[in-house]
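Here's the structure, in structure tokens; my notes come after.
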Amino acid sequence: MDIKKLESAIEKIFADLTPPNYRLGSLEYNWIFDTSRHHYQLLLEGWDANTRILEILVQIDVKNNLVWLQEDNTDYGVAEALVNAGIPKETIVLGFHAPYKRPYTGFATGD
């Protein structure tokens, strides 16, 4: 697995999802890149009136040489964007699907 290629793809995806200096009211987007543990998150956080918002929009982890897309709470299509960036489909696990559903996704099962 080419980690640098993956990180570059994730950075582009996050940039596409969060234009520079874009804010949604008092909410802001934050990127978390833990490159030593290969854990990547895009968060939406802040306050909506008196309600605290902390939402994981995208979470990607690398485990056992597989790319685990743990969350995709966007309309962007993160899995397909990874494939279009050259990450092999057979190395991407849609972790947000139950294990029994994964064989039908066209992506890796994570077994």
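Observations on the structure shown:
- If you filter the range 26-43 down to residues that are touching a residue at least 12 places away in the same chain (Cβ under 8 Å) and aliphatic (A, V, I, L, M), you find that the one that is farthest from Gln59 (Cα to Cα) is Leu27.
- Looking at the chain, the strands (runs of 3 or more DSSP E) lying wholly inside it that each contain 2 or more residues that are crowded, with 17+ Cβ neighbours inside 10 Å sit at 39-48, 51-63, 66-72, 92-94.
- When Phe14 is tested against (1) in contact (Cβ under 8 Å) with a residue 40 or more places away in the chain; (2) in contact with a helix residue (DSSP H, G or I) (Cβ under 9 Å, 6 or more places away or on another chain); (3) of a type in the set (Phe, Trp, Tyr), just one condition goes unmet, and that condition is (2).
No lab work stands behind these numbers, since they all come straight from the coordinates. Worth saying up front: this structure is predicted, and the values here are computed from it rather than measured. Every residue, glycine among them, receives a Cβ derived from its backbone with ideal geometry; neighbour counts consider all protein chains shown.
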